[in-house]
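Values in this text are rule-based calculations from the coordinates and carry no lab data. This structure is a prediction, so every number in the text was calculated from the model and none was measured. When we count neighbours, we look across all protein chains shown, and the Cβ atoms used for this are built from the backbone with ideal geometry, even at glycine.
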Amino acid sequence: MKVIYTDLDGSLLDHYSYSHAPADALLADLEQQGIPVIPCTSKTHAELLVLREELGSAHPFIFENGAAVAIPQGYFDRLPADSCSKEGFWIHSFVAPREHWLALIRDVAGEYENEYRGFADMDNDEVAQLTRLSKDQARRARQREYSEPIYWTGSPGRRQAFIAKLQRVGAVMLQGGRFLHVSGPSDKGQALHWLNNQYTIAAGGQPPLSIAAGDSHNDLAMLEAADQAVVIKSAAHPPPCPQRHQATYFTEAFGPEGWVEGMRHFLKI
């Protein structure tokens, strides 16, 4: 069995238009072949519910940069250990809820309050303007459960000091395509390992071959954790540089075109 774990913005989705159209034909082929495509993204549970309908997917997803995994109830034979049932999904989380990280930001980063804007400080219009999402999409993007995205407006040096101060009190800082994400000790790689283990249990101990695709620094842990890695060329920033050297493919094309290029390289289809 094969399982594909994929970043969304700048990878399966175009960085600017959020279109997945160039990948739709391959996605349909993968579904027909029984190869799950698992979004592994900074997006929220609320955003993924809509995207899953667009993609026609009934598979699990990993949200908020690996902070939690959502599995449709009944997808596996039983509820995974240390998981809970919520609105039709089994949820397994790795970090404290968002309120904890908002409190940390308030407590230790007050001196930087004029140098950043968090999603909690923004309304739907402001998030829509920064992300080019519609107002309704921005509303779903603001429904964070385990993390807080930060839009930094200060200097690079002050940004590093801000990061270091939060790291000293237990926060983990991940730079995505647009935002600095504040959360706990989790990442996309940890979530990939956990979900891959659920597939292994379901298959009677036979682990699936995992393929990961991403274009940003916050995808590094996922790219390192998978058996095969597709590093997608970005029009917005330098690509991540995994330490691994084998079974890694760097695309020539951007976004979903690059996603298709990388998947065809490994899947030979």
Open item on the list: For the stretch 211-261, give me the residue count where each residue is more than 16 Å from the chain's Cα centre (by Cα) and farther than 22 Å from TYR18 by Cα.
Closed with: 11
TODO: Please work out which residue is farthest from the chain's Cα centre (by Cα), limiting yourself to the stretch 156-197 and to residues that are more than 16 Å from ALA212 (Cα to Cα) and of a type in the set (Phe, Trp, Tyr).
DONE: PHE162
Open item on the list: Regarding the stretch 215-232, can at least one residue be identified that is touching a Pro at 6+ places or on another chain (Cβ under 9 Å), hydroxyl-bearing (Ser, Thr, Tyr) and within 15 Å of LEU13 (Cα to Cα)?
Closed with: yes
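For the stretch 13-105, which fully contained strands (runs of 3 or more DSSP E) count at least 1 residues that are within 15 Å of the chain's Cα centre (by Cα) and aromatic (Phe, Trp, Tyr)? Please lay out each step first, then the result.
On the way: elements: 37-39, 61-63, 68-72, 84-86, 89-93.
Counting at least 1 such residues, we get 61-63.
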Task: Filtered residues of the stretch 70-90 (kept if within 16 Å of GLN143 (Cα to Cα) and surrounded by 17 or more Cβ atoms within 10 Å (Cβ to Cβ)) - done: ALA70
Task: Given (1) polar (S, T, N, Q); (2) outside any strand (DSSP E or B); (3) farther than 30 Å from TRP152 by Cα, number of the condition ASN114 does not satisfy - done: (3)
Open item on the list: Exactly one of these conditions fails for ILE38: (1) more than 16 Å from GLY176 (Cβ to Cβ); (2) surrounded by fewer than 17 Cβ atoms within 10 Å (Cβ to Cβ). Give me its number.
Closed with: (2)
